[in-house]
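Inspection log for the structure reproduced underneath, given as structure tokens.
The values are calculated or read from the model by the stated rules, or taken from the named source; none is laboratory data. What you are looking at is a predicted structure, and each value in this text was computed from that prediction instead of being measured. Glycine gets a Cβ as well: all are built from the backbone with ideal geometry, and neighbour counts include every protein chain shown. In case anyone asks, the SASA skips ligands and DNA or RNA and just uses the protein heavy atoms, side chains included. Shrake-Rupley method; radii C 1.70, N 1.55, O 1.52, S 1.80 Å.
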Amino acid sequence: MFAMKNPFFSLLRGAKVFAPEPLGVQDILIAGKTIAAIGKNLSVPVGYDCQEIQLDGKCLFPGFIDSHVHLIGGGGEGGYATRTPEVLLSSITTSGVTTVVGCLGTDGTTRHVTSLLAKARGLEAEGISTYIYTGAYELPTPTITGSVRSDIVIIDKIIGAGEIAMSDHRSAQPSIREYQKLAAEARVGGMLSGKAGIVDMHLGDGSDKLDALFAVTQNGEIPKGQFLPTHLNRNEALFSESLRWGLAGGIIDITSGVSPAAGSSKAVKPSTAVRRALEVVVPLAQLTMSSDGNGSMPIFDEKGNTVGVGVANQKSLLAEVADMVNVEGIAVEKAIQVVTSNVARVLKLANKGCVSSGLDADFTVVDTNFVLQDVWAQGCQMVQNGKPLVWGTFETARF
Ligand code: ZN
């Protein structure tokens with residue numbers, strides 16, 4: 001481990017704090033991994049070693065929570081050489097992200113939930129907070145213990161199932177009944193363990209769009225809130241249906257890595273998608289954003305053949321939050337909710353998503369132009385002036 005030992009107490013002075021609600025300029029006292037106090041002109045605890053850090057002129061947000069990251073890589077749709085690599089610690093932290101939820105994807109054959117769990121535990125040891133979904137695109141979906149329900153109940157880091165494919169030629173083409181059975185398992189697993197039991201649902205470019213999701217939840221036994229459908233901005237037709245889903249009470253997860261600028265020409269730009277959802281009065285609390293980090297971005301021709309492949313980047317999250325504010329005219333305290341408090345609520349992460357005493361000391365600090373400055377994860381400073389202070393175990397590239 002290359003973490004520098006922080007003193008038990010740290011006092012962050014003078015930042016403009018968004019909790020997400022605007023609190024104005026405040027000091028924040030960190031004790032260990034926890035926010036001990038927020039207030040004006042806090043004093044250093046007498047007799048204790050405490051580092052003081054000036055953050056004047058900077059904005060401090062809750063650390064971003066990225067609910068959809070391919071921690072051990074993904075892809076492979078163009079053959080073995082297109083399997084994407086594992087995520088490195090510093091690429092997460094320098095994206096302003098302090099909590100990640102890892103997932104598998106298309107390939108549940110050569111990649112395994114156990115490997116994902118080990119990677120998540122490794123990243124946690126390196127300093128950030130991590131969770132995973134059990135499963136992969138296909139149904140029946142791969143698990144560790146033999147069932148989605150028992151994985152969620154028994155394994156600490158497993159908070160739901162995903163990413164399960166829907167309306168995609170790479171799905172297992174399951175029936176509505178199969179989706180319902182999976183959701184029921186995840187739901188009961190979540191109830192028994194006090195976790196979200198959420199089903200992270202990958203939506204593809206299929207012409208059925210959200211039809212199966214509406215059908216799965218139609219009789220009301222499985223509530224819409226059990227699902228976190230993602231990539232909903234991948235094309236205009238799917239996004240229009242997503243607005244209908246949102247107005248019916250469903251959660252809309254926008255993928256920041258899917259945008260025209262990143263090569264997805266049919267996509268609705270993520271920041272614009274959030275503005276449009278708010279305009280048609282989808283409640284802000286139902287909007288979340290994730291990066292699809294380290295997933296492959298296969299490019300298909302009209303016959304479904306893979307003709308190219310790219311890798312998604314977590315840095316798109318902060319860039320889209322910035323555009324929500326600077327381009328779409330959304331207030332800062334609203335924009336950051338889609339990557340902080342809303343995600344924590346949907347995933348039932350009680351100590352995350354807000355700047356409040358007693359919660360985890362996870363912070364993302366930016367300048368007035370939304371350029372990342374500093375990051376704290378569990379009370380430890382991971383990034384300073386945009387550069388990593390803490391490196392992952394095998395990171396050799398120093399920049
Ligand atoms: Zn996906």
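Ranking request for peptides 133-143, 19-29: highest mean number of other beta-carbon atoms within 10 Å first, then the rest in descending order.
Output ranking for 133-143, 19-29: 133-143, 19-29.
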Rounding to the nearest 20 debye, state how big the charge dipole of the chain is about its Cα centre with +1 on each Lys and Arg Cβ and -1 on each Asp and Glu Cβ. 400
Which aspartates and glutamates have a Cα lying under 16 Å from the Cα of LYS303, excluding residues fewer than 8 positions away in the same chain? GLU77, ASP168, ASP205
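Quick one: of the DSSP bridges fully inside the chain, what percent are antiparallel, nearest 5? Could you put the intermediate results ahead of the total?
Values: 33 of 66 bridges.
Just about 50 percent of them are antiparallel.
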Most packed first (mean Cβ within 10 Å per residue), the peptides 341-347, 210-216 order as 341-347, 210-216
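As an exercise, find the ratio Rg/Rh for the chain from alpha-carbon atoms, using the Kirkwood inverse-distance average for Rh.
Details: Rg = 20.3 Å, Rh = 21.1 Å.
Here Rg/Rh amounts to 0.96.
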Neighbour net charge for GLY310 - beta-carbon separation under 12 angstrom, K R +1, D E -1: -2
Sorted from largest down, give the three principal axis spans of the alpha carbons of the range 227-385, whole angstrom values. 53, 35, 29
For THR109, project a label point 7 Å along Cα to C-beta. Then give me every residue of the range 294-335 with its amide nitrogen under 16 Å of that point. 306
Report the normalised scattering of the range 264-350 as log10 I(q)/I(0) at q = 0.22, 0.23, 0.24 Å⁻¹, calculated by the Debye formula with identical scatterers on the alpha carbons. -1.07, -1.13, -1.18
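Compute, for the range 174-225, the length of the dipole vector about the Cα centre, with Cβ point charges of +1 (Lys, Arg) and -1 (Asp, Glu) only. Units Debye, rounded to 20.
Working: 6 positive and 7 negative charges, 44 e Å.
Result for the range 174-225 is approximately 220 debye, rounded to the nearest 20.
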Please compute the length gained on full extension between GLN218 and LYS40, using 0.36 nm multiplied by the number of residues separating them and subtracting their Cα-Cα distance. 59.0 nm
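If you take the C-alpha gyration tensor of the range 173-268, multiply each eigenvalue by 5 and take the square root, what semi-axes do you get, largest first, in whole Å? Don't skip to the answer; put the middle values down first.
Numbers: eigenvalues 125, 41, 27 Å².
Rounded to whole Å, the semi-axes are 25, 14, 12.
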Carbon and sulfur %, accessible surface of the chain computed with the full protein complex present, 1.4 Å: 53
Which Cα, out of GLY329, SER175, ALA37, lies furthest along the positive dipole direction of the chain (beta carbon charges, K/R +1, D/E -1)? ALA37
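So for the chain, averaging the separation of alpha carbon pairs under 8 Å that are six or more residues apart and normalising by length, what relative contact order in percent results? Don't skip to the end; give the middle numbers.
Numbers: 985 pairs, mean separation 83.6, N = 399.
Worked out over the chain, it gives 21 percent.
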Cα-only radius of gyration and Dmax that characterise the range 224-300, units Å: 11.8, 34
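May I ask for the equivalent-ellipsoid semi-axes of the range 128-178, computed as the square root of five times each C-alpha gyration tensor eigenvalue and listed largest first in whole Å?
On the way: eigenvalues 96, 33, 11 Å².
Value: 22, 13, 7 Å, ordered largest first.
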For the range 70-151, report the % of Cα-Cα distances exceeding 16 Å. 51
From the cross-link list LYS58/LYS387; LYS157/LYS348; LYS40/LYS348; LYS348/LYS387, which pairs have alpha carbons spaced over 19 Å apart? LYS40/LYS348; LYS348/LYS387
Once a ≥ b ≥ c are taken as the square roots of the eigenvalues of the Cα gyration tensor of the range 1-144, is the result rounded (a/c under 1.5), prolate (a/b larger than b/c) or oblate (a/b not larger than b/c)? prolate
Bin all alpha-carbon pair distances of the range 329-388 at 5 Å intervals from 0 and give each bin's fraction as a whole percent. 5, 17, 22, 25, 21, 10, 1
Do you know the relative contact order of the range 93-210, to the nearest whole percent, from alpha carbon pairs under 8 angstrom that are 6+ apart? 24
Percent breakdown of C-alpha pair distances by 5 Å bin, ordered from the shortest bin, for the range 74-116: 5, 18, 28, 20, 17, 11, 1
Per-residue counts of other Cβ atoms within 10 Å, averaged by peptide: what ranking do you get for 93-100, 352-359, 289-296, highest first? 289-296, 93-100, 352-359
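Calculate the dipole size of the range 239-289 relative to its Cα centre from +1 charges on Lys and Arg beta carbons and -1 charges on Asp and Glu beta carbons; express the result in debye to the nearest 20.
On the way: 5 positive and 3 negative charges, 28 e Å.
So the magnitude is around 140 debye.
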Which aspartates and glutamates, if any, have their Cα less than 14 Å from the Cα of LYS352, not counting same-chain residues under 8 positions apart? ASP66, ASP360, ASP362
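On average, how much accessible surface per residue is there in the range 214-362, in Å², for a 1.4 Å probe, leaving out ligands, DNA and RNA?
On the way: 5640 Å² over 149 residues.
Spelled out: the 1.4 Å probe surface of the range 214-362, per residue, equals 38 Å².
What does the charge count around VAL44 come to, taking other residues whose C-beta lies under 11 Å from its C-beta (Lys +1, Arg +1, Asp -1, Glu -1)? Walk me through the numbers on the way to the answer.
Working: positive: ARG13; negative: ASP27, ASP49, GLU52.
Net charge in that neighbourhood comes out at -2.
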How much mean residue ellipticity at 222 nm does the chain get from its helices, if each DSSP H run of length 4 or more adds -39500 (n - 2.57) and you divide by all residues, to the nearest 500 deg cm²/dmol? -7000 deg cm²/dmol
